[in-house]
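I have placed the structure first, in the form of structure tokens, so that the comments after it can refer back to it.
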Amino acid sequence: MMQHLTNDQLIDYIHGALKPADDATVLTHLESCTHCSDEYATEVRVSEILREHAAREEREMPSTIKANVWELIRQAQPSYGQRLRAWLRPAYLVPAAAVIAVAAYFGPTYLGHHGSPTLIDAAYYLQDHAAINGSVPFGDRSEAAPAEFQSNLSADQTASIAVPVAYDANGPQH
């Protein structure tokens, strides 16, 4: 046979503070032991009396004390350590770290810092191309004509002249 239950075990059982296995053991014992069942009923009645007394004696805190407490709470400034701990919480730290990482990755490219590729305007390339084409003697846009042909023939006669020259990668072939 099991020993009788202690007052601490009964109080913990009443308040649901026992582990499930211990709770089941106490329930089984209470069902079989009249002495412990009487003690359990007494403890339940004492708990009810204490709750009723606390409810009757409960007083409202004076409004002046409440106002002073709330004023002190509003005036209280957290220390620098508390502020730092608040900012190091994951809710603030993770997004801040993400922003810093993105800025470190993309920042030099868009801000033009040293070591980043220099962006050149497309107009530079167009002006360079025009300058090179203007200096090529036989280019399409060259100002200089490679040669001028003069002929005594009429336009009809010039159109009927055929020149048997073939071109390939190595130059003209006769």
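Laboratory data are not the source of any read-out in this text; all were calculated from the coordinates shown. Model, not experiment: these values are computed from the prediction. Glycine also receives a Cβ, built like all others from the backbone with ideal geometry; neighbour counts cover every protein chain displayed.
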In whole angstrom, and with the biggest value first, how far do the Cα coordinates of segment 7-60 range along each principal axis? 43, 23, 13
Answer rounded, prolate or oblate for segment 1-94, using the Cα gyration tensor with square roots of eigenvalues a ≥ b ≥ c: rounded when a/c is under 1.5, else prolate when a/b is larger than b/c, else oblate. oblate
Most packed first (mean Cβ within 10 Å per residue), the peptides 87-99, 12-24 order as 12-24, 87-99
Working out 0.36 nm times the residue gap between Ala123 and Ile73, then minus their Cα-Cα distance, what length gain in nm do you get to one decimal? 11.6 nm
Added length on full extension, which subtracts the Cα-Cα distance from 0.36 nm per residue, Ala24 to Lys66: 10.6 nm
Segment 1-46-segment 80-106 distance, computed between alpha-carbon centres (Å): 53
